[in-house]
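The values are calculated or read from the model by the stated rules, or taken from the named source; none is laboratory data. On a predicted model such as this, the values are computed, not experimentally measured, just so you know. Every residue, glycine as well, gets a Cβ built from its backbone with ideal geometry; the counts of neighbours run over all protein chains shown. For the accessible areas, the whole protein counts, side chains as well, though only heavy atoms, and no ligand, DNA or RNA atoms are used. Shrake-Rupley method; radii C 1.70, N 1.55, O 1.52, S 1.80 Å.
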Amino acid sequence: MLSAQDNEFLTRVGPGTPMGDLLRRYWTPALLVSEVPTPAGDPVRVRLLGEDLVAFRDAYGKVGLIQENCPHRGASLFYGRNELGPDGTCGLRCPYHGWQFGADGTCIDMPSEPPTSTFKERVRARSYPTHESGGIVWTYMGPAEAMTPFRDFGTESLEPDEVAATKLHTSCNWMQAMEGNMDTSHISWLHQWNGVDDIPDDGSDKPGYPTNAMSWTFWKHDRAPRLEIEDTWYGFKYVGIRTTPAGHTHVRMSAYCYPYHTVIASVPFSTQHGLFVPADDHNTYRYSFATRVNEGIEEVGGTNLFAVSPFEFGPAEVGRNGVIPRRYTLENDYGIDREDQRTTTYSGVREFISQDFMVTETMGPIYDRSQEHLGTSDKAIIRMRRLLIAAAKRLAEGVEPPAVAGDLDYRGIRSAEKILEDGEDWRLLGTDADPMVQRYDPGNTRLPAAGN
């Protein structure tokens, strides 16, 4: 458990908080590119790290991210006019008195003041730099003098038709949302269903890569995985170790990257990131984005993991592009069907991702972790909390945050899932030295692998 003091330290992210200061030192998703698709188009509200902002794409295509309240009298710039200004400038014009601000926050026009006034030169809207990559508009909200280059997880080289990103809102603190994603044990419980016992044995319960269908049987067969963790330069990676029906050692290896990146286990490996970005202390945006295309990798594992399950899947699992609406929420009890719970699925909630929301949102906006009782299956969550708290405390002492430099090889962060050979070390999985990575991710291998 955490002390009440450490729980506050970990979960609060607004301006001036230690954790908020840490998060602001990393390039952070602000919104999807698809939300501001058109030059001189409509502005969009953005709530990020406890701040109310407005995003807009100016007439020249640059995305601006500035404070929502006009610096004049506080009117919302969400209702502003995105238009050309004087002398070839462009920006968002407040409807109250016509003050206009460019994408960098500069006041470019102040028509309510005399033409000879130089007042506009002394007024700025708070603004943050932006960078578009992988279908996401990223921003840096920390001190300008400390800004590092954009961290490229592989998205910088994606072709337009390869870009895939999603965004989904969840009504709880960012930490409990991310803890749910990092919990390798709960897939043996929350996400289970009765038909797993009827999945035919296809012969892949042996050292090597099982089919995705058989993975379901492993998760249900051994419902108390043993966890092992390895610290890395970007955070850590860890495995849930299970024994298969045939007596082999099955591992799900996932990765955590500072401050809110997760790469969850998949056969044979994955480079897809899930991010848990705080809108504020009580709301989180769950982003997912593809970092690159690994041609032919879908051959390993066969049928899609969820094709054999009875679960419903929203556009987040199917389309992989866009802002995802919530169909099941606390207000409708996540669509729970008690008869279904008795006969078909373990949770009674048919939509897969809503099963996660059911447990993380019903903890309350911020769970009091001084009341919890942690077990051996919580090792990864404990490690993540300790790393974040330590990094925030060190930053307050003037120490540079970990994994923030732009010249590190973030493309080498991968997860993996496999049945191990006798004596095989799971720590090699997903690294540049992994033969499967060399086969399906050859453009992103560096031998020896950075940080591994």
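Among the listed residues R338, R327, R342, identify the single one that is over 19 Å from the mean Cα position of the chain (by Cα), modelled with pLDDT under 95 and exposed (fewer than 15 other Cβ atoms within 10 Å of the Cβ).
R327
Surrounded by 13 or more Cβ atoms within 10 Å (Cβ to Cβ), in a loop (DSSP other than H, G, I, E, B) and touching a strand residue (DSSP E or B) at 6+ places or on another chain (Cβ under 6 Å): is that true of Y367 in this structure?
When the stated conditions are applied, Y367 does not pass them.
One residue is enough: does the range 348-360 have a residue meeting the conditions in contact with a Cys (Cβ under 9 Å, 6 or more places away or on another chain) and surrounded by 20 or more Cβ atoms within 10 Å (Cβ to Cβ)?
Yes, some residue in the range 348-360 is in contact with a Cys (Cβ under 9 Å, 6 or more places away or on another chain) and surrounded by 20 or more Cβ atoms within 10 Å (Cβ to Cβ).
In contact with a strand residue (DSSP E or B) (Cβ under 8 Å, 6 or more places away or on another chain) and open to solvent by 70 Å² or more (accessible area, probe 1.4 Å) - does that describe any residue in the range 306-314?
No, that holds for no residue.
Does the range 149-206 hold any residues that are touching a Gly at 6+ places or on another chain (Cβ under 7 Å) and either open to solvent by 60 Å² or more (accessible area, probe 1.4 Å) or not in a helix (DSSP H, G or I) (or both), and which are they?
Passing the criteria: P149, F150, R151, L158, V163, A164, A165, T166, T184, S185.
Return a yes/no flag: does the range 41-57 have any residue that is more than 17 Å from Y128 (Cβ to Cβ) and in contact with a Gly (Cβ under 8 Å, 6 or more places away or on another chain).
no
Taking only the range 234-250 into account, find how many residues are β-branched (V, I, T) and under 15 Å from G430 (Cβ atoms).
Residues meeting the conditions: 1.
Would you confirm whether or not the range 378-396 contains a residue that is open to solvent by 70 Å² or more (accessible area, probe 1.4 Å), touching a Leu at 6+ places or on another chain (Cβ under 8 Å) and either assigned to a loop (DSSP other than H, G, I, E, B) or touching a residue at least 12 places away in the same chain (Cβ under 8 Å) (or both)?
yes
Yes/no matrix, rows are residues, columns are (1) modelled with pLDDT under 95; (2) under 22 Å from F119 (Cα atoms); (3) in contact with a Ser or Thr (Cβ under 9 Å, 6 or more places away or on another chain); (4) basic (K, R):
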residue	(1), (2), (3), (4)
P29	no, no, yes, no
P39	no, no, no, no
L49	no, no, yes, no
L53	no, no, yes, no
L65	no, no, yes, no
E68	no, yes, yes, no
G74	no, yes, no, no
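Does R242 count as assigned to a loop (DSSP other than H, G, I, E, B) and of a type in the set (K, R)?
no
Give the residue that is most open to solvent (accessible area, probe 1.4 Å), with candidates limited to residues of the range 220-271 that are within 13 Å of the chain's Cα centre (by Cα) and closer than 22 Å to I419 by Cβ.
Only one residue tops the list, namely I264.
Filter the range 36-50 down to residues that are surrounded by fewer than 21 Cβ atoms within 10 Å (Cβ to Cβ) and touching a Lys or Arg at 6+ places or on another chain (Cβ under 8 Å) and give me whichever is nearest to M110 (Cα to Cα).
The residue in question is A40.
Which residues, taken from the range 260-285, are closer than 20 Å to G14 by Cβ and touching a Ser or Thr at 6+ places or on another chain (Cβ under 9 Å)?
Once the filter is applied, which keeps residues that are closer than 20 Å to G14 by Cβ and touching a Ser or Thr at 6+ places or on another chain (Cβ under 9 Å), the range 260-285 yields Y260, L275, F276, V277, P278, D281, H282, N283, T284, Y285.
Out of L395, L420, which single residue is closer than 20 Å to A146 by Cβ and in contact with a helix residue (DSSP H, G or I) (Cβ under 7 Å, 6 or more places away or on another chain)?
Answer to the check: L395.
Is one or more of the residues making up the range 16-28 open to solvent by 10 Å² or more (accessible area, probe 1.4 Å), assigned to a strand (DSSP E or B) and either farther than 23 Å from T148 by Cα or aromatic (F, W, Y) (or both)?
no
Might you check whether a residue that is of a type in the set (G, A, S), within 30 Å of R386 (Cβ to Cβ) and modelled with pLDDT of 95 or more occurs anywhere in the range 178-187?
yes
Can you run down the residue pairs with Cβ atoms below 7 Å, 6 or more apart or on separate chains, where the first is in the range 323-334 and without any contact (Cβ under 8 Å) to a residue 40 or more places away in the chain and the partner is assigned to a helix (DSSP H, G or I)?
Once the first residue is without any contact (Cβ under 8 Å) to a residue 40 or more places away in the chain and sits in the range 323-334, its partners that are assigned to a helix (DSSP H, G or I) give Y328/Y334; Y328/G335; Y328/S354; Y334/S354; Y334/F357; Y334/M358.
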